[in-house]
1. Q177 fails exactly one of the following numbered conditions: (1) on the phi < 0 side of the Ramachandran plot; (2) out of contact with any His (no Cβ under 9 Å at 6 or more places or on another chain). What is the number of that condition?
2. What is the number of the single condition among (1) at pLDDT below 90; (2) in a loop (DSSP other than H, G, I, E, B); (3) touching a Leu at 6+ places or on another chain (Cβ under 9 Å); (4) over 20 Å from P61 (Cα atoms) that R138 does not meet?
3. Within segment 87-96, is there a residue that is within 30 Å of K186 (Cα to Cα) and either in the same structural domain as K155 (by TED's automatic domain parsing) or part of a loop (DSSP other than H, G, I, E, B) (or both)?
4. Can you name the residue in segment 29-63 that is over 34 Å from the mean Cα position of the chain (by Cα) and either buried (at least 17 other Cβ atoms within 10 Å of the Cβ) or among the β-branched types (V, I, T) (or both) and, of all such residues, is modelled with the highest pLDDT?
Amino acid sequence: MAEEKEAVLDRVQVKKAVQALQAFLKTKSTSDSLFLDDTQQISLLFTLWKIPREAQTIRIPLPHGQRPDTDEVCLFTRDEPKMTPEQTQRFYKKLLEVKGVKNITEIIPYKVLRTEYKPYEAKRRLLGNFDMFLADDRVRRLLPSHLGKHFYQRKKEPLSVNLQSKHLARDIQRVIQGTSLKITNKGCCCMARVAHSGMTADEVTENIEAAVQTVVAKLRMKGPVMKLIHIKSQTSVALPIYTSDLNHLAVLEDAEKHAQTPKKAGAAAKKKAKENKTEDIKQTDTAVKGEEKKVEEEEEDEEIPQLVPIATPRKKPKLEKPSKKKQLEKAPKSSVAKKEKQTPSKRTKNAGKTDSKVKRKVPKVK
């Protein structure tokens, strides 16, 4: 291990914390024995200096098994060709007996999972009946769509196992009695199950030391990694077993500065390129504007014909209504005008009539 990533644990301090936690769990189990199991999980809580960039899952082998023998384990297998689901179950039961595997309590073929455990209630019942799930590595990638999100929310997703391995019993024992740590890129805290309350203090301390060493070695991070490490159970307070020095903070700051310097240089080069582009654009804009001004001045020098505004017609004033006397005076004129407007044929007829009338009215002279 590199010195920068090393997290040195004080064995005496770890053992004291484990003994205090076990004493607390014993008192709690005696007072609430009806509601709590005899064995409880003991977990490690890791707090990192910074949030990792990528999510990661670390497999941690432990020297002492961290699961009691009472835990029930379920195994998902593939469908063997030319066999019914019952025949595949018998085939794998015989295989496990021959290899010496005794920890698996139930075997479910892939076809049975698709048909019998399709309803939501059946999936929830399956989740509650078993403490751990294993899966054949040939079928592992097909299970998430059939299991649902609750297996992953409760961290009971099936772990892959190679059923064709020559050392099948050893591999399954390592997977069952080992543990795994899931590191996400959404926070700086993560937890892994390491032991149970039925183990001795020495066994728990050895498991803790092995887990811390593997996590620090397999983490994909540079510089000092661990900030704090606590030990806790489901019902207890977190007890600190490791705290890093503040000198690590100065090391992290220096590393960040060195990492930022090439980024800053690249950013400065980009800024200069942008400034050069803006200057070129400005120069082209000024040249175009100068040409436009010249064209405008030449157009202004030419004589522009003056436009005379056209007088808009005004509205005629409203005529006053003539009085009755004026109407009477104008009446004969209108009759005369009518007579003048008459056609010449009508005039001749009227003239003839008038002559005849005149001749009749003239008195005869005796």
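The values are calculated or read from the model by the stated rules, or taken from the named source; none is laboratory data. Remember, predicted model here, so these are calculated numbers, not experimental data. Ideal geometry is used to build each Cβ from the backbone, glycine not excepted, and the neighbour counts take in all protein chains shown.
1. The one condition Q177 does not meet is (2).
2. Result: R138 fails condition (1) only.
3. Here is the first cut: in segment 87-96, the ones within 30 Å of K186 (Cα to Cα) are none.
Looking through segment 87-96, none of the residues is within 30 Å of K186 (Cα to Cα) and either in the same structural domain as K155 (by TED's automatic domain parsing) or part of a loop (DSSP other than H, G, I, E, B) (or both).
4. Taking segment 29-63 and keeping what is over 34 Å from the mean Cα position of the chain (by Cα), we get 29-40, 61-63.
Right, trim to either buried (at least 17 other Cβ atoms within 10 Å of the Cβ) or among the β-branched types (V, I, T) (or both) and you get 29-30, 39-40, 62.
Values: S29: 68, T30: 62, T39: 75, Q40: 84, L62: 90.
Filtering segment 29-63 for residues that are over 34 Å from the mean Cα position of the chain (by Cα) and either buried (at least 17 other Cβ atoms within 10 Å of the Cβ) or among the β-branched types (V, I, T) (or both), the one modelled with the highest pLDDT comes out as L62.
Here's the yes/no breakdown for (1) modelled with pLDDT of 85 or more; (2) in contact with a Gly (Cβ under 6 Å, 6 or more places away or on another chain); (3) not assigned by TED's automatic domain parsing to the domain that holds T235; (4) not polar (S, T, N, Q):
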{"position": "D171", "(1), (2), (3), (4)": "yes, no, yes, yes"}
{"position": "C190", "(1), (2), (3), (4)": "yes, no, no, yes"}
{"position": "H196", "(1), (2), (3), (4)": "yes, no, no, yes"}
{"position": "N207", "(1), (2), (3), (4)": "yes, no, no, no"}
{"position": "A211", "(1), (2), (3), (4)": "yes, no, no, yes"}
{"position": "A217", "(1), (2), (3), (4)": "yes, no, no, yes"}
{"position": "M221", "(1), (2), (3), (4)": "no, no, no, yes"}
